[in-house]
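The values are calculated or read from the model by the stated rules, or taken from the named source; none is laboratory data. Note that this is a predicted model, so its numbers are computed, not measured. Please note: Cβ atoms are built from the backbone with ideal geometry, for glycine as well, and neighbour counts cover all protein chains shown.
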Amino acid sequence: MTQDQSPRGARRASTRLVTTKAELKENRAAMTGTVAAVLTMGALHAGHLALVERARELADHVILTDFVNPLQFGPGEDYEAYPRPLDADLALVDGLVDVVFAPSVEEMYPVLPPTVSVTAGRAGTILEGAARPGHFDGVVTVVAKLLQLTAPDLTVFGRKDAQQLAIIQRLVADLDLPVRIEPVDIQREPSGLARSSRNVYLDDAAREQALVLSRTISAALRAAPSVGAIRDVLAAALERAEIDWDYALALDPASLEEIGPEHRGEVLVVLAGTVGGTRLLDAAVAVATAP
Ligand code: PAF
């Protein structure tokens, strides 16, 4: 592992894999300068690399965590089948991050389920949380632990998982965690489709159909600054039913509650729908200043 003489964004000489909390603590203590944490469940792809790139721009050291968190999977979800290609993950970020922390479940949770955990409140029970009870409680519990273990100055989260980002912002504010959250813009394919590990499930026809999501986002952004016009765009998209919509909503970015036409300021547009059997998300933030 290199020390912090290298300029930000420069390639690290090598990346160290650590699997225990004690080793992580030792490596963290040796870092001088600022530290960014990139929290992942592994199976890294271009979207994660964009998070790593942003972390490298913002901090002297980067710790990437690679841990499939059992607490955020419900019964019948794909916890056992979730991909765990640690060697490929390491190859992808080798030289880009200082440390990869890939603990076992026993290392992370000596007692499972933990006696004390964090809950995401009402924000964790709506939208994605409505279909996945307990999911966001599992997310905030592991994120609180990983932030405690990595002790970063900042951490980066993608805007595509807009609900997760909003809930983690609440976690950090409500528990006074000493870390700055840096949202990172959605990575898109040239067609406009938001990058996602689930895109591999889409055949050509489904890929074409999935563009309804990014087109709806573009139309909503064009409709800003009028919140009424944004809501009209979303209502029209639901009405056309070109995909099997779950929701297309304009929300207050902090509370995740639906906004009315009188709302001013940031508007979080969130979309979820199923295309060719694959559930896809998209999101954007617009600013409303006009009726
Ligand atoms: O977004 C993810 O990959 C996970 O929900 C996270 C934040 C790493 C927690 O397990």
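Below is a table of values for the structure above.
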item: Enumerated helices (runs of 4 or more DSSP H) restricted to segment 109-225, each holding at least 3 residues that are out of contact with any Asp or Glu (no Cβ under 6 Å at 6 or more places or on another chain) and more than 16 Å from the ligand (Cβ to nearest atom); result: 204-223
item: Residue check, Leu281 in contact (Cβ under 8 Å) with a residue 24 or more places away in the chain, aliphatic (A, V, I, L, M) and within 30 Å of Gly121 (Cβ to Cβ); result: yes
item: Residues of segment 238-253 that turn out to be on the phi > 0 side of the Ramachandran plot and not small (Gly, Ala, Ser), as a count; result: 0
item: Residue match in segment 254-264 (condition: farther than 15 Å from Asp282 by Cβ, under 18 Å from the mean Cα position of the chain (by Cα) and hydrophobic (A, V, I, L, M, F, W, C)); result: yes
item: Unmet requirement for Gly42, which otherwise passes all of (1) within 16 Å of the ligand (Cβ to nearest atom); (2) modelled with pLDDT under 90; result: (2)
item: Val212 vs. criteria in contact (Cβ under 8 Å) with a residue 40 or more places away in the chain and within 19 Å of the chain's Cα centre (by Cα); result: no
item: Candidate set from segment 57-101 (those that are in contact (Cβ under 8 Å) with a residue 60 or more places away in the chain, assigned to a loop (DSSP other than H, G, I, E, B) and away from the ligand (no atom under 12 Å from the Cβ)); member that is nearest to Glu23 (Cα to Cα); result: Asp98
item: Test: Ala250 is touching a Lys or Arg at 6+ places or on another chain (Cβ under 6 Å) and in contact (Cβ under 8 Å) with a residue 12 or more places away in the chain; result: yes
item: Residue count for segment 269-280, restricted to those that are surrounded by 17 or more Cβ atoms within 10 Å (Cβ to Cβ) and closer than 13 Å to Glu128 by Cβ; result: 5
item: Hits in segment 132-163 (condition: touching a residue at least 40 places away in the same chain (Cβ under 8 Å) and among the aliphatic types (A, V, I, L, M)); result: Val139, Val142, Val143, Leu146, Leu147, Leu149, Ala151, Leu154, Val156, Ala162
item: Meets criteria (buried (at least 21 other Cβ atoms within 10 Å of the Cβ) and modelled with pLDDT of 95 or more) for Gln169; result: no
item: Residue in segment 83-94 that is among the acidic types (Asp, Glu) and touching a Gly at 6+ places or on another chain (Cβ under 9 Å) present; result: yes
item: From the options Ser191, Ser226, residue that is among the hydroxyl-bearing types (Ser, Thr, Tyr) and either touching a residue at least 60 places away in the same chain (Cβ under 8 Å) or surrounded by 16 or more Cβ atoms within 10 Å (Cβ to Cβ) (or both); result: Ser226
item: Residue count, segment 16-39 (criterion: free of Cβ contacts under 8 Å to residues at least 40 places away in the same chain and surrounded by 15 or more Cβ atoms within 10 Å (Cβ to Cβ)); result: 1
item: Hey, Ala241 loosely packed, with under 15 Cβ neighbours inside 10 Å and of a type in the set (A, V, I, L, M, F, W, C) or not; result: yes
